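A.B. asks: I have a structure here, written as structure tokens, and I will follow up with some questions on it.
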Amino acid sequence: MIIIASLTTTVAFIKYLIYFSIFFRFSSFGYTREVKLKTKPGAGFKQITKTKEKLAEKNEQILIKGIKAGDQKSFEVFFDRYFSKVYSLAFKFLGNAADAEDIVQEVFLLVYKKANTFKGRSQFSTWLYRITVNTALARLRQRKKEDKVFVEEYMPKFNNDGYHFVRPVVDWSQDVDKIVTNKQLLNIVKNTIDQLQPLDKAVVILSDFEERTNREIATALGLSVQAVKARLHRARLFLRGKLAVHLGHSPT
Amino acid sequence: MVKKMTSKRSRSKKVETCKQATSLIMDYLTGEMNSMTKRAFEEHLSFCPDCIAFLRTYKKTIQAVQSFFDTIPLKKKGFQQTLKRKLKKKIN
Ligand SMILES: [Zn+2]
């Protein structure tokens, strides 16, 4: 019994260690750096430095009170503070200025009208973020479906023994910049991203541009973390396959 | 009870084939992988140039996506003000 009890303690300790490491991973100290190859300061909703955070939070609370009371000045300050973030996120989803502008208007009007429904359980900026993501996603879904995209063709294929079907797999990672110009590369990426299903596109934007964790993406889109991971992986495999084909290699 | 704990602790995944390795790439890149699985993943890579190539091109793909997002320009101040005026009219 004593042995079992001590084992339980050990397990609890290990669990604690795991949670701790998870915390560190999410807080940009850990491995995230390796995947998030490029960090653009001030690009997303997320980048507020720790020291400013508290002050910003207090200001935000005053603003929310103002907006809830229908104070226009508060609303204007709020608009100025978040305009570029909402706009650039909307632009990433929709790919053009006109649609992004529509989304910005729709989002801020919603904020103005629905401020009273904000419960304060999350941060106001998180609430705004969720509204932006879902408004942009809804617009994306309204768009006419393009020709069917054969995603399967770009997925990796394996033999029955589990090894790569096409061997050798070519490492073109160093050649990309030699073979295509930067502009060509960006065009390929743009076209491929546009071929993704709206929800997959959303996952890619939130992960690779907004640098959100899978859990945050899951919350914003109402998916499970597993579903987010699966969609992200599949979208990346598709993008990778498309790039490979453009460079003259097998996508698989 | 002990048995239950053991099964919980030994959640490490096998990495015997390229198919398994490929399905774990994302967890490997984000570090969402226990040390046993990580070791197995890296061991597979140590003798599989195909999976090394696949991993490198996968990472390059993420980079390409990020550099694409970076090219999207921000709007100028004037545009922001115009939009704000439009919004104010809608509110009133
Ligand atoms: Zn392999």
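A.B. asks: Report whether or not B:Ser23 is at the interface with another protein chain (Cβ under 9 Å from one of its Cβ atoms), surrounded by fewer than 17 Cβ atoms within 10 Å (Cβ to Cβ) and within 13 Å of the ligand (Cβ to nearest atom).
C.D. replies: Judged against the criteria, B:Ser23 is a match.
A.B. asks: How about the range A:188-235: which of its residues are at the interface with chain B (Cβ under 9 Å from one of its Cβ atoms), in a helix (DSSP H, G or I) and open to solvent by 10 Å² or more (accessible area, probe 1.4 Å)?
C.D. replies: A:Ile188, A:Lys190, A:Phe209, A:Asn214, A:Lys229, A:His233, listed by residue number.
A.B. asks: Regarding B:Leu83, is this residue buried (at least 18 other Cβ atoms within 10 Å of the Cβ), facing another protein chain (nearest Cβ under 7 Å), more than 13 Å from the ligand (Cβ to nearest atom) and more than 20 Å from the chain's Cα centre (by Cα)?
C.D. replies: Taking the combined requirement at face value, the residue satisfies it.
A.B. asks: How about the range B:39-51: which of its residues are more than 7 Å from chain A (Cβ to nearest Cβ), open to solvent by less than 60 Å² (accessible area, probe 1.4 Å) and not in a loop (DSSP other than H, G, I, E, B)?
C.D. replies: B:Ala40, B:Phe41, B:His44, B:Leu45, B:Cys51
A.B. asks: Output the residues belonging to the range A:236-252 that are open to solvent by less than 40 Å² (accessible area, probe 1.4 Å), of a type outside the set (A, V, I, L, M, F, W, C) and in a helix (DSSP H, G or I).
C.D. replies: Matches in the range A:236-252: A:Arg236, A:Arg240, A:Gly241, A:Lys242.
A.B. asks: Still on this structure, I have one more. On the basis of being within 9 Å of chain B (Cβ to nearest Cβ), buried (at least 16 other Cβ atoms within 10 Å of the Cβ), modelled with pLDDT of 90 or more and part of a helix (DSSP H, G or I), does A:Val169 make the cut?
C.D. replies: no
A.B. asks: For A:Ala136, indicate whether it is among the small types (Gly, Ala, Ser), within 18 Å of A:Ala235 (Cβ to Cβ), part of a helix (DSSP H, G or I) and touching an Asp or Glu at 6+ places or on another chain (Cβ under 9 Å).
C.D. replies: yes
A.B. asks: Further question: Which condition number does A:Lys178 fail, the rest of (1) closer than 29 Å to A:Thr135 by Cα; (2) out of contact with any helix residue (DSSP H, G or I) (no Cβ under 8 Å at 6 or more places or on another chain) being met?
C.D. replies: (1)
The values are calculated or read from the model by the stated rules, or taken from the named source; none is laboratory data. Nothing here was measured: the structure is a model prediction, and the numbers come from that model. No Cβ is skipped: glycine too gets one built from the backbone with ideal geometry, and neighbour counts run over all protein chains shown. Heavy atoms of the whole protein, side chains included, go into the accessibility calculation; ligands, DNA and RNA do not. Shrake-Rupley method; radii C 1.70, N 1.55, O 1.52, S 1.80 Å.
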